[in-house]
Amino acid sequence: MRNIKIYNLRIVPSAPVFNEVVQFKELFINRFGKHPLSKSKPHITVAVFEMDTEYQDILVKAFSQLSNNNKFKLAIQGFGIFENNAHVLLLKIPTTEAIKNLHTDIKVVWQRDLHRKLGTLKLSAPPHITISKTDGKKTLYESLAFFQKIGFASKEIEVNQLTLVSRPKGKTWDWEHHIPLT
């Protein structure tokens, strides 16, 4: 029997940035109420895909090659939004060469080693840390104005590992594997 899970390859910021984002999420909930993703753990999604858990060991082995990548730094530049239909309040992160190279390496592993079609892999761009989705544009713009008044001093995080997590559809993340960078 097939056991398909959703996988997410992500960058998890270390403290104190992780804790600061948690506080932003709590502040959002206190001011605007619970919304989708307002309780999610702070992270930057790099890639999303679905796979049968039967192949999880092969997946871990293939993605372990990413540990050949060097550690790198990412800047977090303040609050922003995705307007379209996403209605997401977020922290902005510029797309660096390191992120582009990581995306390229993931695509190579995906096709060459896992023999998967590129169309079954969703690379997340632009990079960002979600504070919350909102139920519409009104809350989106109100929350953006609120957080811009609070302000966010540009910060830099060191990315020294990637985290691969999985969950059944409609459930919470229930498995994780860390991939250290050199």
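The values are calculated or read from the model by the stated rules, or taken from the named source; none is laboratory data. It should be emphasised that the depicted structure is a prediction, and the values quoted were computed from it without experimental measurement. Cβ coordinates were reconstructed from backbone atoms using ideal geometry, including for glycine residues, and neighbour counts include every protein chain displayed.
Values for this structure:
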read-out	value
Residues located in segment 4-40, provided they are touching a residue at least 60 places away in the same chain (Cβ under 8 Å), assigned to a loop (DSSP other than H, G, I, E, B) and more than 22 Å from T104 (Cα to Cα)	S14, H35, P36, L37, S38, S40
Yes/no for T53 being over 30 Å from Q23 (Cβ atoms) and touching a strand residue (DSSP E or B) at 6+ places or on another chain (Cβ under 7 Å)	yes
The listed residue being charged (D, E, K, R) and loosely packed, with under 14 Cβ neighbours inside 10 Å, out of K25, K5, K34	K34
Those residues of segment 116-131 which are modelled with pLDDT of 95 or more, closer than 19 Å to P36 by Cα and of a type in the set (S, T, N, Q), in sequence order	T130
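Matching residues to (1) over 16 Å from K155 (Cβ atoms); (2) polar (S, T, N, Q):
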residue	(1), (2)
M1	yes, no
I11	no, no
A15	no, no
V21	no, no
Q65	yes, yes
N68	yes, yes
